[in-house]
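Read the figures in this text as sums done on the coordinates, not as results from a lab. Not measured: the values here are computed from a predicted model. In this analysis, Cβ positions are derived from the backbone assuming ideal geometry, glycine residues included, and neighbour counts consider all displayed protein chains.
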Ligand SMILES: O=C(O)Cn1ncc2ncnc(NCCc3cnc(NC(=O)Nc4cccc(Cl)c4)s3)c21
């Protein structure tokens with residue numbers, strides 16, 4: 001039987017299994033609901049770590065944002081609870097784990113046009129839904145995408161998401177490769193930062209590395225500001241057309257997500273594996 005909304009979840013409701021991954025603020029464990037035997041991913045966040053890094057408001061904002069989002073390509077936050085030391089996020093379990101590892105496992109560390117178009121379509125669909133709910137994800141990259149057992153995308157980790165529009169400074173700890181020009185220069189930004197990241201993501205699926213990858217972060221900043229995209233031979237004209245319409249310096253020039261979903265390269269490649 002399902003529990004009423006007022007039920008107070010606790011660690012005691014779960015049998016905790018193998019660690020799935022580790023983050024800066026805590027670990028992710030495979031866990032099973034003792035009652036229903038439903039498998040979940042249990043993300044623990046140490047309160048002291050959150051406070052030390054001054055991201056405790058971010059964690060609460062993520063819980064607020066993610067508990068209202070419901071979409072087949074967004075990793076669902078099922079519930080949450082805390083004890084004296086940790087906050088626990090009870091998340092949908094994505095059985096094929098991080099897309100990033102799947103990308104590195106590929107023969108040339110890159111996806112076929114079919115998989116690239118399928119994943120780009122599913123992320124575009126999830127982002128369109130986020131934007132309709134006035135949420136900017138802001139941290140779209142392969143590390144934040146998970147795969148279900150049947151190979152569908154789950155957009156995860158809304159730890160950096162905010163309500164649009166925003167000029168929230170974010171001390172990005174991760175890669176700079178996905179930052180759009182407006183965020184690099186600390187300007188006000190809007191939902192179109194996600195469009196930029198979708199273009200970078202599609203490029204990385206097809207090439208195996210992001211377009212502005214450089215040895216130093218200064219070089220990366222320069223390439224981001226100049227928007228110089230190298231086009232290796234495996235990028236077909238259709239893929240180049242879509243990517244060029246997303247990686248635009250001016251945010252309002254980036255094509256809408258509904259246009260991404262019906263772009264000819266996406267429609268020609270997203271369904272049948274070649
Ligand atoms: O990814 C893995 O390591 C392994 N893995 N494998 C399968 C699988 N199935 C589901 N979830 C997984 N991982 C958790 C993904 C997250 C979702 N939401 C998050 N939110 C968050 O981290 N928030 C957060 C962090 C630090 C500070 C602040 Cl303020 C907020 S992490 C899975």
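For a quick check, take a GNM of the chain with Cα springs below 10 Å and name the residue from 101, 141, 118 with the largest mean-square fluctuation. Among 101, 141, 118, the largest mean-square fluctuation in the Gaussian network model of the chain belongs to 101. Summed over all non-identical Cα pairs, the Kirkwood treatment of region 88-152 gives a radius of 13.0 Å.
Mean sequence separation of contacting Cα pairs (under 8 Å, at least six apart), scaled by the length of region 26-183, corresponds to a relative contact order of 23 percent. Panel values: region 83-236, Kirkwood radius from alpha carbon pairs, Stokes-Einstein at 20 °C and 1.002 mPa s, translational diffusion coefficient 130 µm²/s. So how tilted is helix 56-66 from the main axis of the chain? Cα-based, degrees 0 to 90, rounded to 10. The angle comes out near 80 degrees. An ellipsoid equivalent to region 147-274, defined through the eigenvalues of its Cα gyration tensor, has semi-axes of 24, 18, 15 Å when rounded to whole angstrom and sorted largest first.
Under a Gaussian network description of the chain, with springs only between Cα atoms under 10 Å, the residue in 56, 109, 15 that fluctuates furthest is 15.
By definition, a body whose alpha carbon gyration tensor gives a ≥ b ≥ c is oblate when a/c is 1.5 or more and a/b is not larger than b/c, and region 207-274 fits this oblate description. First check a/c for region 1-55, with a ≥ b ≥ c the square roots of the eigenvalues of its C-alpha gyration tensor; if it is under 1.5, answer rounded, and if not, answer prolate when a/b is larger than b/c or oblate otherwise. Oblate. Derived value for region 105-188: Kirkwood hydrodynamic radius 14.4 Å. Basis is the mean of 1/r over every pair of different alpha-carbon atoms.
When 228, 204 are arranged by Cβ crowding within 10 Å, least crowded first, meaning fewest neighbours, the order is 228, 204. Convex hull volume of the Cα atoms of region 52-99, normalised per residue: 109 Å³. With contacts defined as alpha carbon pairs under 8 Å and 6 or more residues apart, what's the relative contact order of region 113-265 in percent? Value for region 113-265: 26 percent.
Counting each DSSP H run of 4 or more residues in the chain as -39500 (n - 2.57), what helix-only mean residue ellipticity at 222 nm follows after dividing by all residues, to the nearest 500 deg cm²/dmol? Taking each H run of at least 4 residues, the total per residue is -10000 deg cm²/dmol. Rounding to the nearest 10 and keeping the result within 0 to 90°, find how far the Cα-based axis of helix 217-226 lies from the longest principal axis of the chain. Long axis of 217-226 versus the principal axis of the chain: about 60 degrees. The reciprocal of the average 1/r between distinct C-alpha atoms defines the Kirkwood hydrodynamic radius, which for region 1-147 equals 16.8 Å.
In µm²/s, what is D for the chain at 20 °C and 1.002 mPa s, where D = kT/(6 pi eta Rh) by Stokes-Einstein and Rh is the Kirkwood radius from Cα pairs? In µm²/s, the coefficient is 110. Against the chain, whose longest principal axis comes from its Cα atoms, helix 237-246 is set at around 60 degrees. For the chain, DSSP calls about 95 percent of its internal beta bridges antiparallel.
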